[in-house]
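To start, the structure itself, in structure tokens.
Since every read-out is calculated from the coordinates, none of them should be taken as a lab result. Keep in mind the model is a prediction, meaning the values are calculated, not measured. Note that each Cβ is placed from the backbone with ideal geometry, even for glycine, and that neighbours are counted across all protein chains shown.
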Amino acid sequence: MANVQDLLRPSIKALKAYSSARDEFQEDTSDMVFLDANENPFNNGINRYPDPQQNEVKDVLSSLKGVRKNHILLGNGSDEVLDLIVRAFCEPNQDNIIILPPTYGMYEVLANLNAVAIKKVLLTETFQPQVDQILDVADANSKILFLCSPNNPSGNSFNDNEVETLLKKFEGIVVIDEAYIDFSNQDSWLGRLEEFPNLIITQTLSKAYGMAGIRLGICYASEAIISVLNTIKPPYNINVLTQNKAVELLKQTELVSDEIDSILIERSKLMSELKSISYINKIYPSDTNFVLVKLDDATKRYNQLIKEGVVVRNRTTQPLCENCLRLTVGTPSENITLITALTKLQ
Ligand SMILES: *Cc1c(COP(=O)(O)O)cnc(C)c1O
């Protein structure tokens, strides 16, 4: 396993964070007069800059997930977190990342945006990582391996043994994107964070937690990694409205778990109903809140569904996903609409 400090870009190692007004004065001080940040002093609930360290949100997450606060970093969606990770470890025009298609599209976009090369190693037919090929293709400049588990768009989780081998043998940072972990029966890798200094886990409030609109992504890693990401993140990256709403809704744990239960029940109902659609040839197993299906002609069916007022995701251009549509599990009535539309199509 490589040393995290050795993997960092030299310029990042040398970087000193911008120190904001709120960073420089942090004692607890309800009765202080704040004349340090050029804010408008008249209180409307959002006239003050947000807490750059999002302490309240992290307190709630910390007790919810059993992870200490200094192992948590928050971003404007996981997309910001993933971007920070690429920028911390990958030197433009020199380093590369490894991704395993078919997978989440943002890894490639973020690499391209940062002038970082991409090595692709396809998943197997059952959408598992090809460990030997990944380790073969890795070179001294392969700084990050992105594992999306459960994977989007295939819907399955990667086998623990394979992931563990990669964590031990890949000589760079391993990012496990767990955006869908709350829909899975597999354990999160969070429980094993301490074992692997090169492990970064990302999660999000956008899927199971029902907060895609507030943009809050979460990153869990060693204190060393978190402190570097903290140095390079924009100082006020999580706004006041997002922080307040996240704290409020994260505390409603029963609501979220009821919604997840309902989505899981609907998922299995949907999967059994899809079996009776004659032109669907394959329904892939799902550890997520979506189902990947292979049909006779994905683009034709996609367009027909739109005419019926149902929008799904056409994944047919993705490797190993020829003629596949990705169907998000909706409310019970939305799923009836989907099945009714699918049944009607000629
Ligand atoms: C939806 C999704 C995310 C979430 O991104 P946010 O920016 O947090 O909304 C991350 N990773 C994967 C694989 C996803 O499908």
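Laid out as a table, the results:
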read-out: Theoretical FRET efficiency, 1/(1+(r/R0)^6), r = Cβ-Cβ of Lys168 and Asn141, R0 30 Å, to 0.05; value: 0.90
read-out: Cα-based radius of gyration of segment 4-251 once divided by 2.2 N^0.38 Å, which approximates compact folds; value: 1.05
read-out: Modelled FRET efficiency - R0 51 Å, Ala117 with Ser333, Cβ distances, 0.05 increments; value: 0.65
read-out: Of Lys168/Lys251; Lys120/Lys307; Lys207/Lys282; Lys275/Lys300; Lys269/Lys294; Lys207/Lys275, those spanning more than 28 Å from alpha-carbon to alpha-carbon; value: Lys168/Lys251; Lys120/Lys307
read-out: Karplus-derived 3J(HN,Hα), 6.51/-1.76/1.60, for each residue of segment 35-49, Hz, glycine and proline x; value: 10, 10, 10, 6, 7, 6, x, 7, 6, 10, x, 10, 7, 9, 4
read-out: In Hz, Karplus ³J(HN,Hα) per residue of segment 127-141 (6.51, -1.76, 1.60; θ = phi - 60°; x = Gly, Pro); value: 6, 10, x, 8, 4, 4, 5, 5, 5, 5, 6, 5, 10, 4, 9
read-out: Where the Cα pairs of segment 124-195 fall when distances are cut into 10 Å bins, in %; value: 18, 54, 26, 1
read-out: Estimated distance in nm for a label pair at Asn47 and Met32, the labels positioned 7 Å out from Cα along Cα-to-Cβ; value: 1.8
read-out: Highest to lowest packing among 146-154, 283-291, scored as the average C-beta count within 10 Å; value: 146-154, 283-291
read-out: FRET efficiency for Ala2 and Gln346, using Cβ-Cβ distance with R0 set to 45 Å, rounded to 0.05; value: 0.20
read-out: Listed residues Pro102, Pro319, Pro41, most fluctuating in the chain (Gaussian network, C-alpha, under 10 Å); value: Pro41
read-out: Any cysteine of the chain lacking a neighbouring Cys Cβ under 4.7 Å - listed by number; value: Cys90, Cys148, Cys219
read-out: Linear extension gain, Leu241 paired with Ser276, 0.36 nm per residue minus alpha-carbon span; value: 8.1 nm
read-out: Residue range of the chain that is longest and free of trypsin sites (Lys or Arg not before Pro) which are both DSSP loop and sparsely packed (at most 14 other C-beta within 10 Å); value: 69-250
